Amino acid sequence: MLKVHQFIKNSILGIVDFFYPLFQKIMPLQTFRYAACGGGNTVLDISLFFVSYNFIVKKTPVHIGWLTVSPHIASFIIGFCVTFPIGFYLSRYVVFQETSVAKREQLRKYFMVVLGCLFLNYGFLKVFVEIFHWYPTPSKIVTTLFVVIFSYFSQKHYTFKAGKLELD
């Protein structure tokens, strides 16, 4: 399993770092890696949202017992279930490799930041779709812009704070 992990990590780093020379004059390597990995995960998230909204929940509310979930929120949750572990992996092993926080603690902190992102996503989607009456997919894209800014600074300065590395 360790060989698979090393292969995946090194492959992603190789691809991302290959393009870095084009951007090295405008941003540091870590910021570029965050933008590349986060951008890829964001494209995956928006794609999953679109597919979930249009083809899985088919634009209809989802009934779970006594709870009814709007289709845009259900689609957001489906995408989250896929992109949360991918985002943690990319953040931990590609973007913020030098950290002062043990892996378990990082996962807890990452979850806390992602929980904040969940609330932001939920709130913005509710406002954009249900109050402003925007289409769900463009609403998700605009929401993502706000959430990415919050996420980057939270992950950099809280979850994966650089410093002396602690062992797991």
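Since every read-out is calculated from the coordinates, none of them should be taken as a lab result. Quick caveat, the model's predicted, so the values are computed rather than measured. Quick reminder, even Gly has a Cβ in these numbers, built from the backbone with ideal geometry, and neighbours come from all protein chains shown.
Summary table
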| read-out | value |
| --- | --- |
| Point-to-point label distance, residue 133-residue 89, nm (Cα→Cβ direction, 7 Å offset) | 4.3 nm |
| Globularity index of segment 1-54, i.e. its alpha-carbon radius of gyration over 2.2 N^0.38 Å | 1.41 |
| Unit Cα scatterers, Debye sum, the chain: log10 I(q)/I(0) for q = 0.10, 0.17 Å⁻¹ | -0.43, -1.07 |
| Mean projected area (nm²) of the alpha-carbon convex hull when segment 51-106 is viewed from all directions | 5.3 nm² |
| Cut-off 14 Å between beta-carbons: net charge of the residues surrounding residue 118, Lys and Arg +1, Asp and Glu -1 | +1 |
| CD proxy at 222 nm, helix term only [per DSSP H run n ≥ 4: -39500 (n - 2.57); per residue of the chain; nearest 500] | -21000 deg cm²/dmol |
| Virtual spin-label span in nm between residue 158 and residue 20, 7 Å along Cα→Cβ | 2.7 nm |
